[in-house]
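Chemist: Let me begin by handing over the structure; questions about it come next.
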Amino acid sequence: MTIDWFPLADSLRVAGASTAAALGVGLWLGWALGLRRWRAGWLVETLLSWPVAMPPLILGTYLFVTFGPWPRILSLRMAATAGAVSILPAIAGAARAAFLGVPREIPRAARSLGATEWRVFWVAALPLAYRPILAASVLAFARVFNEFAATVLLAGFLHRVPQAMAGPYLVTLTAVALGAGGLARWIGPRQEPV
Amino acid sequence: MTHARIGKKIPPALSLEVDFEIAGLTALYGPAGAGKSLMLEAIAGFVDPDSGRIMLDDAILFDAEARVNLAPRRRHCGYVGQRDALFPHITLRRNLLFAARRGPRLERSRRVAELLERFQLTPVAAGRPREIDPAQALRGAVARALLAAPKLLLLDDRGFDEALLRSIREAFGGLVLLVTGDLDLCCAAADRLILLERGRILQSGAPRAVVDRPESVDAARLLGFSNIFEGEIAALDPARKSSRLEFAGFALTGPYIPGRFRGARVSIAVLPADLRVHSGELEGQPNAVPASLVRVSRGARTVRLEFSGGIFADVSFQEFERQKDNRSWQVEFPQQALRAL
C-alpha cells in the first residue's frame with residue numbers, strides 16, 4: 001500500500017505560515033510589552049492568554065464566524081489563521097519574558113550611544129533573547145503541524161482514508177512532537193542551576 | 001551652562017533633591033544609597049525625575065514644568081554604568097563601530113582604531129567581551145561611549161583610577177560626571193567635588209577646599225572627621241589667632257574662628273590622623289586631654305585607638321608598639337588641627 005503523505009504536506013504549509021505570522025506579531029508584542037509600562041498592558045496580556053484556556057474547537061468556530069463565510073469548508077488560510085491565533089500567546093509570552101531577561105543596561109547603553117529603537121532591537125535585544133523565542137517557535141510549529149494533521153486525519157478516516165494508514169501517521173505525529181520538544185530543549189537557553 | 005535640578009522620590013529608601021552644576025570633571029562622593037547612581041540615570045534619561053530641570057550646554061534635556069523629556073538617544077550623554085554593558089555577542093571592535101555612526105566608513109574605522117590604540121585595546125579588539133578582562137572591558141565601554149561624541153560623560157563607580165581618568169581627559173574635552181567612593185581619586189582627578197548623602201547635597205566646591213573645610217557636621221563625618229565635639233567659645237583672641245573652646249569635660253586652645261562671637265555654640269571636627277597620643281604620666285603636654293583607651297583596631301597601615309568620650313586617633317604601627325604599654329593616656333589636639341564647622 002502506498003501512503004499518501006499529502007495531508008502532511010498541507011500541514012507543513014499551514015504550520016509554517018502560522019508560525020511565521022505569530023512570530024512576526026509576537027516579537028513585536030513581546031518587545032512592546034517588555035519595553036515599558038503600558039496603561040492597557042493588562043488588557044493586552046489578558047486577551048493574549050485567552051486562547052490558552054480556550055478549546056481549539058470553539059476558538060475555530062469564533063474565527064469562522066468572524067472571518068469566514070459560514071458554512072464553507074476549512075481553507076488552508078483559515079487553518080493557518082486559527083493556528084497563528086492559538087500559538088500567539090506562547091510566542092509573545094516567550095518573547096516578552098526573553099526581552100525582560102536581557103540585562104537592562106545593554107539596551108540602555110545602546111540608547112545612550114544614540115541608537116534608534118530599531119537598532120536597539122536588532123543589536124542590543126534580539127541577539128540576547130533569541131534562544132527562548134526560537135524554542136517557543138519550534139514547539140508552536142509542531143503544535144500547529146500536529147493539530148492540523150490530526151484534524152485532517154480524523155476527517156479523512158470518516159470519509160475515504162484507509163484505516164491502515166493510521167499507524168504510520170500516528171508514528172509520524174508522535175515523532176514530530178517529541179522531536180520538537182528535543183529541539184526546543186537544545187535551542188533553548190542554557191541555564192545554571194539555582 | 002550645564003546644570004541639573006532633580007527631584008525624585010523612591011519610597012521608602014530615598015528622596016532625591018539636588019541642584020548642582022557640572023564643570024570640567026565633577027566628582028560625586030557619598031555613601032551607598034545616597035542617590036549618586038540615580039542622579040546619573042536621571043541625567044542619561046533612563047529614570048524620569050518627578051520634578052526639576054536638566055540642562056546640558058544650554059540645551060534642555062528635561063523640564064518637568066515644560067514637559068520636556070528628551071529620549072536617551074537624543075541627550076548626547078555618554079553613559080558607563082556600574083555593570084558591564086558591552087554587547088556580549090559581538091567583538092569589541094564591532095561594539096565600538098556600533099557607536100561610531102557618523103561620517104564615511106573609512107573615517108569611522110579610523111576613529112575606532114584610534115580609540116582602541118589610545119585605550120590599549122588593539123590586541124583584544126577581535127575578542128568578545130567575555131574573553132577580555134574587566135579592566136579592558138571598562139576601557140572598552142569608555143571608548144565606545146566616547147565614539148558617540150557625547151557632550152557629557154557619565155561614569156558610574158566601577159574601578160576608575162587616575163590613569164584611566166587622565167587618558168579619558170586627553171581623548172575627550174567635554175564634561176565628565178564621575179560617581180566614586182574614593183576620596184583620594186576625587187582630590188587627584190576632579191575639578192569639582194559634590195558631597196552627597198541621603199539624596200541631599202551636603203557641600204560642593206573645589207575638592208581641596210571641600211576636603212579641608214567641611215561646613216557641616218554631616219559633611220565632616222562623611223569626609224572622615226571622626227572626632228566631632230560640640231562646645232562653646234569661651235574666648236577669642238584675633239591678635240594671637242587663637243580661641244579658647246570649652247567642651248563637656250575638657251577645654252582646648254583652638255585657632256581663631258572668624259565671624260563667631262564669644263559664648264556661641266560651635267562644632268569642632270578633628271581628623272583622627274591629626275591627633276597625637278602620649279602616656280598619661282608625661283607632664284606638660286600642650287592642649288592635651290586625659291582619656292582612657294576603650295578599643296584598639298588594627299587597620300592596614302594605621303592603628304585606630306578609640307578613647308572614652310568618642311575620641312578617635314590614628315597612629316602608626318610603630319608608634320603604637322612604642323606606647324601600647326601605657327598605663328594611662330592623654331590625647332593631644334594640635335591647635336591647627338581643630339576645624340570649626
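Just so you know, all these numbers are worked out from the coordinates, no wet-lab data involved. Computed from a prediction, not measured in an experiment: that's the story for all the values here. Neighbour counts run over all protein chains shown; Cβ positions are idealised from the backbone, glycine included.
Chemist: Please give me the summed charge of the neighbours of residue B:188: other residues whose Cβ is under 14 Å from its Cβ, Lys and Arg +1, Asp and Glu -1.
Modeler: On the way: positive: B:166, B:169, B:192, B:208; negative: B:161, B:162, B:182, B:184, B:191.
My count for the surroundings of residue B:188 gives -1.
Chemist: Straight distance only, please: which aspartates and glutamates reach the Cα of residue B:324 with their own Cα at less than 17 Å, same-chain residues fewer than 8 apart left out?
Modeler: Those aspartates and glutamates meeting the cut-off are B:281, B:306, B:314, B:332.
Chemist: Based only on the alpha carbon positions, what is the Kirkwood hydrodynamic radius of the range A:6-187, in angstrom?
Modeler: Values: mean 1/r = 0.0559 Å⁻¹.
Kirkwood radius, the range A:6-187: 17.9 Å.
Chemist: What trypsin sites (Lys or Arg not before Pro) does the range B:285-341 have in DSSP loop regions with at most 15 other beta carbons within 10 Å?
Modeler: Those that pass, being in a loop and sparsely packed, are B:301, B:324, B:327.
Chemist: Using the Kirkwood radius built from alpha carbon pairs, what does the Stokes-Einstein equation give as D for the range B:168-213 at 20 °C and 1.002 mPa s, in µm² per second?
Modeler: 186 µm²/s
Chemist: Under 10 Å, Cα contacts only: if you run a Gaussian network model on chain B, which one of B:21, B:321, B:117 comes out with the highest mean-square fluctuation?
Modeler: Its mean-square fluctuation being the largest, the pick is B:321.
Chemist: Average partner chain C-beta neighbours within 10 Å, per residue of A:100-109?
Modeler: 6
Chemist: Under 10 Å, Cα contacts only: if you run a Gaussian network model on chain B, which one of B:49, B:258, B:207 comes out with the highest mean-square fluctuation?
Modeler: Sorting by GNM fluctuation, first place goes to B:258.
Chemist: Among the aspartates and glutamates, which have Cα under 13 Å from the Cα of residue B:9 when same-chain residues fewer than 8 positions away are ignored?
Modeler: Correct list for residue B:9: B:17, B:48, B:50.
Chemist: Tell me, what are the semi-axes, in whole angstrom and largest first, of the equivalent ellipsoid of the range B:226-340 as set by the roots of 5 times the Cα gyration tensor eigenvalues?
Modeler: 27, 14, 12
Chemist: Which shape class applies to chain B: rounded if a/c is under 1.5, otherwise prolate when a/b exceeds b/c and oblate if not, where a ≥ b ≥ c are the square roots of the Cα gyration tensor eigenvalues?
Modeler: Working: a/c = 2.97, a/b = 1.92, b/c = 1.55.
Prolate shape, in that a/c is at least 1.5 and a/b is the bigger ratio.
Chemist: Can you run phi through the Karplus equation (6.51, -1.76, 1.60; θ = phi - 60°) for the range B:324-341 and list ³J(HN,Hα) in whole Hz, with x for Gly and Pro?
Modeler: 5, 8, 3, 7, 9, 10, 9, 10, 9, 9, x, 4, 6, 7, 7, 10, 7, 9
Chemist: Given a Förster distance of 35 angstrom, what is the FRET efficiency for residue B:300 paired with residue B:14, based on the Cβ-Cβ distance and rounded to 0.05?
Modeler: Computed FRET efficiency for residue B:300 and residue B:14: 0.65.
Chemist: Give the average, rounded to an integer, of partner chain Cβ atoms located within 10 angstrom of each Cβ in A:113-120.
Modeler: Rounded to a whole number, the mean comes out at 6.
Chemist: At most 11 other Cβ atoms within 10 Å and a DSSP loop assignment: could you name the chymotrypsin sites (Phe, Trp or Tyr not before Pro) in the range B:201-276 that fit?
Modeler: In loop regions of the range B:201-276 (DSSP not H, G, I, E or B), the sparsely surrounded chymotrypsin sites (Phe, Trp or Tyr not before Pro) are B:261.
Chemist: Then there is this: Can you give the alpha-carbon Rg of the range A:40-127 over 2.2 N^0.38 Å, where N counts its residues?
Modeler: It is 1.51.
Chemist: Sort the range B:1-105 into rounded, prolate or oblate with this rule: let a ≥ b ≥ c be the square roots of the eigenvalues of the Cα gyration tensor; rounded if a/c is under 1.5, and if a/c is not under 1.5, prolate when a/b is larger than b/c, oblate otherwise.
Modeler: Details: a/c = 2.04, a/b = 1.48, b/c = 1.37.
Judged from the Cα gyration tensor, the range B:1-105 comes out prolate (a/c at least 1.5, a/b above b/c).
Chemist: Cα gyration tensor of the protein assembly as shown, axes a ≥ b ≥ c as square roots of the eigenvalues: rounded (a/c below 1.5), prolate (a/b > b/c) or oblate?
Modeler: Taking the square roots of the gyration eigenvalues as a ≥ b ≥ c, the protein assembly as shown is prolate.
Chemist: Taking the alpha-carbon distance from residue B:151 and a cut-off under 22 Å, which lysines remain once sequence neighbours fewer than 8 residues away in the same chain are dropped?
Modeler: B:36
Chemist: To continue, here is another question. Any chance you could list the semi-axes, whole Å, largest first, of the equivalent ellipsoid that the Cα gyration tensor gives for the range A:96-157, using √(5λ)?
Modeler: Details: eigenvalues 308, 21, 8 Å².
Gyration-tensor ellipsoid for the range A:96-157: 39, 10, 6 Å.
Chemist: To continue, here is another question. Calculated from DSSP H runs of 4 or more alone, at -39500 (n - 2.57) each and per residue, what is the 222 nm mean residue ellipticity of chain A, nearest 500? Don't jump to the answer; show the numbers that get you there.
Modeler: Values: 7 runs with 144 residues, N = 194.
The helix contribution divided over chain A gives -25500 deg cm²/dmol.
Chemist: Label-point separation (nm) for residue A:102 and residue B:113, each offset 7 Å from Cα along Cα-to-Cβ?
Modeler: Taking the simple label geometry, residue A:102 and residue B:113 are separated by 3.1 nm.
Chemist: Could I ask something else about it? Can you pull the mean other chain C-beta count within 10 Å for peptide A:127-136?
Modeler: Numbers: counts 4, 3, 0, 1, 0, 0, 0, 0, 0, 0.
For this peptide, the per-residue mean of nearby foreign Cβ atoms is 1.
Chemist: Next up: What list of ³J(HN,Hα) couplings, whole Hz, do you get for the range B:172-178 from phi and the Karplus terms 6.51, -1.76, 1.60, once you set θ to phi - 60° and write x for glycine and proline?
Modeler: 9, x, x, 7, 10, 10, 10
Chemist: Hey, another quick one. In a Gaussian network model over chain A where Cα atoms closer than 10 Å are linked, find which of A:139, A:178, A:12 has the largest mean-square fluctuation.
Modeler: Of the options given, A:178 has the highest mean-square fluctuation.
Chemist: I need the trypsin sites (Lys or Arg not before Pro) found in the range B:51-104, filtered to DSSP loop residues with at most 10 other beta carbons within 10 Å of theirs.
Modeler: B:67
Chemist: Read phi for every residue in the range B:73-90 and hand back ³J(HN,Hα) as whole Hz from Karplus 6.51 cos²θ - 1.76 cosθ + 1.60, θ = phi - 60°, with x for Gly and Pro.
Modeler: The phi angles translate into 6, 9, 8, 6, 10, x, 10, 10, x, 5, 9, 4, 10, 5, 5, x, 8, 10 Hz.
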